[in-house]
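What follows is a set of notes on a single structure, which appears directly below.
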Amino acid sequence: MLPLAPESPRLYGNLGQTYQEAGDNEKAKTAYEHVLELTNNDLERAMALNNLGKLYRDEKRYRESLATLDRALALDPRLVGAHNNRALTLFEMGRVKEAKEALEAALRLDASSAPTHNNLGYVRFLRGDVAGARREYLAAIRLDPDYARAYSNLGTTYLWTGQPDRAADAYREALRIDPGLTEAARYLDLFTRRAESAPE
């Protein structure tokens, strides 16, 4: 379609996402840079910068990721995806407290984001707030009943608090939704082996 609309930032943005999903980061970067060259629209520029920031994080270029996501949020402070990506970048940089604050900011903008609840649950869990983590995972599941990763994470909170039966149920539900979820499969296999070896 580009020959028909070579000046379309939206087309370049979609093309960049397609390349990014296919793992061709260099072509994705080029497409996003075209968006930044072609438009003065703050939202379109912020979305391109958000995608670039995620791409840099995937490449473990964390400082560039954070700087790019900050540019996106300067253009559109309400861009929930950029808050989420910024939080994940901060988390991978070891700045867990700041990651938590960024996720809470994202939820203040959009409390209906299941991935944000799931991510905040994970951060709360790592900070030792198991009950808070469970609340976030349950919120994610209410918003998206087919969120396999949230079920798996929920199972871990039950496992951590000595509720193996509930943990096993959560892992089974995660695997029903996504049979390829290796963490849930590993824990469920552990439960099965223990049950089979337990004395009658």
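Just so you know, all these numbers are worked out from the coordinates, no wet-lab data involved. Fair warning: this is a prediction, and the values are worked out from it, not measured in the lab. We place every Cβ from the backbone using ideal geometry, glycine too, and count neighbours over all the protein chains shown.
Some points to look at:
- Linear extension gain, Thr30 paired with Arg176, 0.36 nm per residue minus alpha-carbon span: 48.6 nm
- Value of Rg to Rh for the range 12-145 (Rh from inverse mean 1/r over Cα pairs, i.e. Kirkwood): 1.00
- Degrees between helix 164-177 axis and first principal axis of the chain (Cα, 0 to 90, nearest 10): 40
- R0 of 35 Å, Cβ-Cβ distance Asp189-Asp70: FRET efficiency to nearest 0.05: 0.25
- Helix 114-126 axis versus longest C-alpha principal axis of the chain: approximately 60°, rounded to the nearest ten.
- Lysine pair number, Cα distance threshold 27 Å (strictly under), the chain, separation 8 or more or different chains: 8
- Which of Leu120, Ala185, Tyr19, positive extreme of dipole for the chain (C-beta unit charges): Leu120
- The chain: angle of helix 62-75 to the longest principal axis, Cα-based, in degrees nearest 10: 60
- Radius of gyration and Dmax over the Cα atoms of the range 25-96, both given in Å: 11.5, 36
- Label-point separation, Ala131 to Arg61 (7 Å along Cα→Cβ), nm: 4.4
- Listed residues Thr68, Thr30, Thr157, most fluctuating in the chain (Gaussian network, C-alpha, under 10 Å): Thr30
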